[in-house]
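Undergrad: This is the structure, below, for whatever I ask next.
The values are calculated or read from the model by the stated rules, or taken from the named source; none is laboratory data. Note that this is a predicted model, so its numbers are computed, not measured. Every residue, glycine among them, receives a Cβ derived from its backbone with ideal geometry; neighbour counts consider all protein chains shown.
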């Protein structure tokens, strides 16, 4: 074994990996992995380009509190191999556990629920024992046990998606979930589509406007301590100003004046998005956090459907915002001017429309709507640094489906994408629901590239 | 401040495994984006196909390495065809959206729990990837002034740069052939080429597939070097890094991606090492910047770098601005 020069004294520095002893490297990798996606990503780009080490064969995992996300110590886990010899371990202070096994093969991992803290139980009672296949020697397979609030035997408060018996009876619930998710996507897609319509910019940094809305609400709410509703209103104003007006005035307007091409602008937006995402990570940290109010709200039953009041109210506001935007586009002078610019900027300009003013309005409007989309998303699943980028591709899918550049198409397309994402879980595993929507995006482009409401034209 | 160690790491990584892998991916993107003007943002997906082909076929199934590589290449050809058919007749930004979506599909499928038994979930697959190939290595590790490679790394790097040289030579030959001239003229003015009776669609498809195959080779080398694949290594950030490399070095230049990759990795490692050392030595207060956050600063710098390059010097270091009439499509 080749021991590198220096043993680093403190902190899991990213580049410190390279110089560590191998044992140290393994330990650090371990620590980083537990930082979930962020860790994996940074690790991937930093250290794992080095040859992997001949790690021991085994099984590992982390038992986490579903609310706080912190690890739970002292939970008993038993691993049984094909030969029937059980090995029992308890989780460490950070909730991690590791069992080394002699060879690759099939193992059964059982969690002892009596060792869980009071008030916590497995989210799915049928998954007390996980069957795991260790693929190859030298591989440490992760096993997850999802916990939920509740006591053993009661089934916890996990979403009803875990009950496969009544699969088709979930259709009403999934439809409502899909509509709500569709509204979230539509709010973001209107801005994306209007900006594309008026400036032909394919904005890959639009997801960061969604995150800006969610994160600044968290800032006013969680850090400053204002009530959530006031925070949300402030966040929309701030995002519309900073994300819309300032961004357009100091970045995109000068670029248009310089005559920067469309593809160059697209690449610029990718750079901007990358910068903003990691800036958010830098400021906010890698966790997913909830607003201080309405986090674990109980649902109310309306017929066959369970809906939380916060979702009901926020999606009603969302619908109102979309309706107002539609009204504005159809009936007001400024809205008509916007559609004129989207149709033909040169002609609009010649007819006395101030094109730059229209574009500026569109940016402010789009950023404001996107920020509300981020707030809705934050209410549903919490806010995190990459919340916008996660759904950006679905926003694109919605816009393209409806016809890129048309606001009404974007709304329609987004609702369809939202429904599709939720309803597809009837057929495909929940974790792959976004994949289904993206596959549909590709198929739509094959059949009807201009989208549902787009004009057919020969492009390219 | 440990200057020797800073320079050691920076210069080693300048020609190291990451530089080779990203250089290969960038050579592919250079054909697509640089020469043909195609916005392929799914290079990470192509690389993932190459890497996973080797991982699944060699480690899990037990096929020989060469057969697995051929399967990876075939897989990337099919992937390119699937992406190209719906999008190459459309405007350039549609290709960008579809390719980025397709690469995400691949990553999310690869890391799904559903296929855990085949693709290893978010942990990926590690094991013996290329034992026979490593056994061919006649060299020992190197530790010469600022260059420092272990035995295996040195073998990967030597083979990798040799592959880069071959592909660069091929690119050079291709681009001065009639085929290459048609490709470049498609980038300049598609309609003019079409009016000359060339099948623009076919040429674009060939460029997309060729660049994708080179991208899959990047994934193969990545998997062989790391002896593991992890799905999150093939996230969109890989593609974004590759674009920075292509634009930095100069698009539509044979040596652009090579120089770009070297400079990119030198700067990236140098900056993070410098910050790391500065924080440890107390020059930067750990309240402002902790060592954990250096990776984040690195990404921010890449983002800003990409923006500034595209705005102020889209032709990169060696490019020719006249070669970059990428627009009006």
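Undergrad: Identify, by number, the condition in (1) closer than 24 Å to residue A:448 by Cα; (2) surrounded by 22 or more Cβ atoms within 10 Å (Cβ to Cβ); (3) within 13 Å of chain A (Cβ to nearest Cβ) that residue B:80 doesn't meet.
TA: Status for residue B:80: all satisfied but (3).
Undergrad: Which ones in the stretch A:277-302 are over 30 Å from residue A:65 (Cα atoms) and in contact (Cβ under 8 Å) with a residue 40 or more places away in the chain?
TA: none
Undergrad: Kindly list the number of the only condition in (1) within 26 Å of residue A:445 (Cα to Cα); (2) more than 8 Å from every other protein chain (Cβ to nearest Cβ); (3) modelled with pLDDT of 90 or more that fails for residue B:71.
TA: Here residue B:71 meets the rest and fails (1).
Undergrad: What about residue A:144, is it in the same structural domain as residue A:73 (by TED's automatic domain parsing), assigned to a loop (DSSP other than H, G, I, E, B) and at pLDDT 70 or above?
TA: Considered against the rule, which asks whether it is in the same structural domain as residue A:73 (by TED's automatic domain parsing), assigned to a loop (DSSP other than H, G, I, E, B) and at pLDDT 70 or above, residue A:144 comes out as yes.
Undergrad: Can you tell me which of B:80, B:50 is more than 25 Å from residue B:179 (Cα to Cα), in contact (Cβ under 8 Å) with a residue 12 or more places away in the chain and out of contact with any strand residue (DSSP E or B) (no Cβ under 9 Å at 6 or more places or on another chain)?
TA: After ruling out the rest, the residue left standing is B:50.
Per-residue answers, yes or no, for (1) farther than 27 Å from residue A:393 by Cα; (2) assigned to a helix (DSSP H, G or I); (3) within 21 Å of the chain's Cα centre (by Cα):
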| site | (1), (2), (3) |
| --- | --- |
| A:246 | no, yes, no |
| A:265 | no, yes, no |
| A:269 | no, yes, yes |
| A:272 | no, yes, yes |
| A:287 | no, no, yes |
| A:291 | no, no, yes |
| A:322 | no, yes, no |
| A:325 | no, yes, no |
| A:334 | yes, yes, no |
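Undergrad: Now, a different point. Look at residue B:267 and say whether it is buried (at least 17 other Cβ atoms within 10 Å of the Cβ), more than 10 Å from chain A (Cβ to nearest Cβ) and modelled with pLDDT of 90 or more.
TA: Yes.
Undergrad: Which residue, of A:359, A:353, is modelled with pLDDT of 90 or more and part of a loop (DSSP other than H, G, I, E, B)?
TA: Answer to the selection: A:353.
Undergrad: Another question, then. Residues that are closer than 30 Å to residue B:107 by Cβ: find the helices (runs of 4 or more DSSP H) completely inside the stretch B:120-202 holding 1 or more of those.
TA: Filter on the stretch B:120-202 gives B:131-135, B:151-175, B:178-188.
Undergrad: For the stretch A:257-274: of the residues being free of Cβ contacts under 8 Å to residues at least 60 places away in the same chain and either more than 7 Å from chain B (Cβ to nearest Cβ) or over 14 Å from residue A:203 (Cβ atoms) (or both), which is surrounded by the most Cβ atoms within 10 Å (Cβ to Cβ)?
TA: A:261
Undergrad: Something else now. Among the listed residues B:308, B:275, which satisfies the condition of being closer than 30 Å to residue A:260 by Cα and part of a helix (DSSP H, G or I)?
TA: B:308
Undergrad: Can you name the residue in the stretch B:310-322 that is facing chain A (nearest Cβ under 8 Å) and buried (at least 20 other Cβ atoms within 10 Å of the Cβ) and, of all such residues, is nearest to residue B:249 (Cα to Cα)?
TA: Applying the filter and picking the extreme gives B:314.
Undergrad: While we're looking at this one, here's another question. Quick check, is residue B:12 part of a helix (DSSP H, G or I), surrounded by fewer than 19 Cβ atoms within 10 Å (Cβ to Cβ) and modelled with pLDDT under 90?
TA: In short, no.
Undergrad: Let me ask you something else. Quick check, is residue B:103 out of contact with any strand residue (DSSP E or B) (no Cβ under 6 Å at 6 or more places or on another chain), more than 7 Å from chain A (Cβ to nearest Cβ) and closer than 23 Å to residue A:392 by Cα?
TA: The answer is yes for residue B:103.
Undergrad: Moving to a separate point now. Among the residues of the stretch B:281-304, how many are in contact with a helix residue (DSSP H, G or I) (Cβ under 6 Å, 6 or more places away or on another chain), closer than 20 Å to residue B:242 by Cβ and more than 7 Å from chain A (Cβ to nearest Cβ)?
TA: Qualifying residue count for the region: 1.
Undergrad: Here's something else I'd like to know. Could you look through the stretch B:129-146, keep only residues that are in contact with a helix residue (DSSP H, G or I) (Cβ under 7 Å, 6 or more places away or on another chain), surrounded by fewer than 21 Cβ atoms within 10 Å (Cβ to Cβ) and within 11 Å of another protein chain (Cβ to nearest Cβ), and pick out the one that is nearest to residue B:61 (Cα to Cα)?
TA: Of everything passing the filter in the stretch B:129-146, B:134 is nearest to residue B:61 (Cα to Cα).
Undergrad: Can you name the residue in the stretch A:391-404 that is in a helix (DSSP H, G or I) and facing chain B (nearest Cβ under 10 Å) and is also surrounded by the fewest Cβ atoms within 10 Å (Cβ to Cβ) among such residues?
TA: Looking at the filtered set, the residue picked out is A:393.
Undergrad: In the stretch B:241-252, which residues are farther than 16 Å from residue B:267 by Cα and either in a helix (DSSP H, G or I) or in contact with a strand residue (DSSP E or B) (Cβ under 7 Å, 6 or more places away or on another chain) (or both)?
TA: Result: no residue meets the conditions.
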